Amino acid sequence: MGNQHHDIVVVGGGSAGYAAARTAREAGADMAIVDQGPLGGLCILRGCMPSKAILRSSEVMSLMGRAAEFGLLPVEPRADLAAIIERKERLIREFADYRIEQLRDPGFTLYEDRAVFLSPEELKVGDRVLTASSFIISTGSVPRHVPIPGLDEVGYLTSDEILDLRERPESMIVLGGGAVALELAQFFCRIGTQVTLIQRSHHILSDGDEDLARPVEDCFREEGMEVLTGTQLHCFTSEDGMRVAHLTHAGEEKSPSAQIILQALGRRPNIDGLGLDKAGVAVSDNLVVVDEEMRTSQAHIFAVGDVNARNEIVHIAIQQGEMAGYNATHPGRPAHRMDDRLNLQVTFTDPVVATLGYSEKQCQAQDIPYLVACYPFADHGKAMCLGEIHGCVKLICQPRTGELVGAHIVGPEAGELIHELAAVMYYHGNVRDLLQIPHYHPTLAEIITYPAEQLCEQLE
């Protein structure tokens with residue numbers, strides 16, 4: 001067994017890991033990356049990129065089905081799931097090949113093998129033992145197992161597996177009300193699968209405000225999806241080749257059945273077998289504990305991305321990776337820290353849901369004083385012309401200064417529109433600033449000015 005020393009060893013070559021390695025290398029560090037494969041990372045292989053590729057197909061199909069609404073001859077589009085998946089795979093191969101090329105850059109030493117900590121200073125990789133001044137853990141996440149009676153016995157697919165499905169199922173039960181569950185539920189509903197969505201909480205997207213979730217639920221139901229919120233799920237059985245969910249909803253016992261089940265009840269850090277106990281790295285509720293500098297309980301060991309579960313968002317994972325790479329290579333300088341004010345999340349349903357900063361729910365829970373204003377897309381000229389009238393723009397500001405502390409958009413192009421508000425919040429701008437920024441007419445973006453005007457009136 002050979003030994004090898006590097007300045008920094010990154011365990012995991014996904015988005016966060018590569019960002020950490022690149023940042024540290026630019027600072028002059030001798031870098032090693034350990035990844036047992038497949039190379040590419042979750043976002044590229046099983047996450048944001050493949051899911052958005054297939055969602056585009058269902059978006060186009062939905063628009064085609066609305067032809068008559070716009071004065072066009074109606075059409076009846078049909079989905080070819082195998083062709084949709086083939087397009088997704090072509091795109092993913094391009095993304096993955098590029099990332100693999102980056103990982104195999106001569107500026108890095110790449111070990112394609114399993115990593116296990118032997119101690120806080122030693123990492124076993126294949127038949128080698130690596131030592132380093134710092135380690136950065138970025139092993140990502142895996143689907144979370146949820147112990148629901150009968151679920152394992154009847155069988156299910158996770159979001160990792162369903163992205164390879166090439167034959168459209170006639171019916172599907174989707175468990176979960178988060179972004180992954182909602183995006184995939186709407187995709188399959190739009191291509192012709194009868195979908196039943198089961199959510200335990202009172203509304204979908206339960207971490208956020210209810211008024212942001214309801215327009216999405218309404219659209220789902222309009223498109224033919226059965227949405228069951230506030231459910232108590234008892235168990236699963238199998239009858240005549242169908243999977244049956246036994247639950248209580250609105251005080252009634254129900255038993256929806258489907259050909260397949262999509263279990264989309266979240267993910268957990270991928271740390272099994274990593275030997276974190278030997279490394280002395282603290283783990284709480286299966287999450288690697290980190291501080292604002294991304295350091296674990298061992299100051300020379302960092303954890304970034306999904307593995308610390310602070311925010312399971314790719315751009316935040318990249319920020320964390322860059323931060324860890326910088327902090328590991330600049331011990332004598334002030335550390336870089338996360339700015340949680342700018343926590344931005346987008347759910348790519350139709351309508352899109354984009355949230356930034358504080359929600360009303362968070363303000364109320366933390367006794368934070370606030371002002372709020374909301375304006376509907378149904379009363380916005382450009383949205384009406386587009387036929388995209390579901391949802392609203394909701395702004396939250398400090399009652400004394402008017403500083404914008406929360407921005408939420410449910411509606412067309414919400415994932416794009418939210419970035420103007422992110423820029424304003426980055427510079428600690430206020431709602432008066434929003435009125436000074438020119439907004440072309442007619443555009444979707446000008447809707448932001450209407451709740452801003454309402455808040456300015458409240459300030460005055």
Query raised in the report: Among the numbered criteria (1) at pLDDT 95 or above; (2) part of a helix (DSSP H, G or I), which single criterion is violated by A16?
Result: (1)
Query - Cross-chain or 6+ apart pairs with Cβ under 6 Å, the range 362-386 first and not assigned by TED's automatic domain parsing to the domain that holds G402, then among the aliphatic types (A, V, I, L, M) - result: none
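Quick grid of which residues meet (1) under 11 Å from A354 (Cα atoms); (2) among the acidic types (D, E); (3) surrounded by 15 or more Cβ atoms within 10 Å (Cβ to Cβ):
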residue: E413; (1), (2), (3): yes, yes, yes
residue: Y426; (1), (2), (3): no, no, no
residue: V431; (1), (2), (3): no, no, yes
residue: H439; (1), (2), (3): no, no, yes
residue: L444; (1), (2), (3): no, no, yes
residue: I447; (1), (2), (3): no, no, yes
Query raised in the report: Among the residues of the range 54-94, how many are outside any helix (DSSP H, G or I) and within 29 Å of the chain's Cα centre (by Cα)?
Result: 4
Report summary line: Going through (1) more than 25 Å from the chain's Cα centre (by Cα); (2) at negative phi; (3) not in a helix (DSSP H, G or I) one by one, I389 fails only at (1)
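H428: in a loop (DSSP other than H, G, I, E, B) and on the phi > 0 side of the Ramachandran plot, yes or no?
Judged against the criteria, H428 is a match.
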Query raised in the report: Pick from A354, A378, A373: which is in a helix (DSSP H, G or I) and not polar (S, T, N, Q)?
Result: A378
Query raised in the report: When the residues of the range 55-67 are filtered to those that are more than 16 Å from P351 (Cα to Cα) and in contact with an Asp or Glu (Cβ under 9 Å, 6 or more places away or on another chain), which remaining residue is surrounded by the most Cβ atoms within 10 Å (Cβ to Cβ)?
Result: G65
Query raised in the report: From the list P120, P106, which residue is surrounded by fewer than 17 Cβ atoms within 10 Å (Cβ to Cβ), assigned by TED's automatic domain parsing to the domain that holds S297 and within 30 Å of L276 (Cα to Cα)?
Result: P106
**Report entry** strands (runs of 3 or more DSSP E) contained in the range 249-320 and holding at least 3 residues within 22 Å of the chain's Cα centre (by Cα)
**Finding:** 260-263, 267-269
Query raised in the report: How about the range 321-349: which of its residues are part of a helix (DSSP H, G or I) and among the aliphatic types (A, V, I, L, M)?
Result: M323, A324, A328, L342
Query - Failed condition for D97, given (1) in contact (Cβ under 8 Å) with a residue 24 or more places away in the chain; (2) part of a helix (DSSP H, G or I); (3) assigned by TED's automatic domain parsing to the domain that holds Y18; (4) among the charged types (D, E, K, R) - result: (1)
Query - Within the range 201-223, considering residues that are of a type in the set (D, E, K, R) and part of a loop (DSSP other than H, G, I, E, B), the one nearest to the chain's Cα centre (by Cα) - result: D207
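Each row is one residue, and each column tells you yes or no for (1) touching a residue at least 24 places away in the same chain (Cβ under 8 Å); (2) under 30 Å from E170 (Cα atoms).
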| site | (1), (2) |
| --- | --- |
| H6 | yes, no |
| T23 | yes, no |
| I33 | yes, no |
| G37 | yes, no |
| M49 | yes, yes |
| A53 | yes, yes |
| E59 | yes, yes |
| G65 | no, yes |
| I85 | yes, yes |
Report summary line: Picking from K382, K361, K394, the residue that is surrounded by fewer than 16 Cβ atoms within 10 Å (Cβ to Cβ) and either basic (K, R) or in contact with a Lys or Arg (Cβ under 7 Å, 6 or more places away or on another chain) (or both) would be K361
Report summary line: Matching residues in the range 255-294 (closer than 25 Å to C235 by Cβ, of a type in the set (G, A, S) and surrounded by fewer than 20 Cβ atoms within 10 Å (Cβ to Cβ)) number 3
Report task. Spot the failing condition for A29; the list is (1) outside any helix (DSSP H, G or I); (2) among the small types (G, A, S); (3) closer than 30 Å to Q194 by Cα, and only one is missed. Result -> (3)
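Can you tell me how many residues within the range 202-244 are of a type in the set (K, R) and touching a residue at least 12 places away in the same chain (Cβ under 8 Å)?
Adding up the residues that qualify gives 1.
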Requested in this report: Assess whether P399 counts as being touching a helix residue (DSSP H, G or I) at 6+ places or on another chain (Cβ under 6 Å), part of a loop (DSSP other than H, G, I, E, B) and surrounded by fewer than 16 Cβ atoms within 10 Å (Cβ to Cβ).
Outcome: no
Query - Which numbered condition L421 misses (of (1) free of Cβ contacts under 8 Å to residues at least 40 places away in the same chain; (2) assigned to a helix (DSSP H, G or I); (3) buried (at least 20 other Cβ atoms within 10 Å of the Cβ)) - result: (1)
Query - Checklist (1) over 30 Å from V125 (Cβ atoms); (2) buried (at least 18 other Cβ atoms within 10 Å of the Cβ); (3) over 28 Å from the mean Cα position of the chain (by Cα) applied to S51, failing item - result: (3)
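Okay, residues lined up against (1) among the hydroxyl-bearing types (S, T, Y); (2) buried (at least 19 other Cβ atoms within 10 Å of the Cβ):
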| position | (1), (2) |
| --- | --- |
| S133 | yes, no |
| V142 | no, no |
| P147 | no, no |
| E153 | no, no |
| R166 | no, no |
| S171 | yes, no |
| A179 | no, yes |
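The values are calculated or read from the model by the stated rules, or taken from the named source; none is laboratory data. This is a predicted model, so every value here is computed, not measured. Here Cβ is always computed from backbone atoms with ideal geometry, including for glycine, and neighbour counts include all displayed protein chains.
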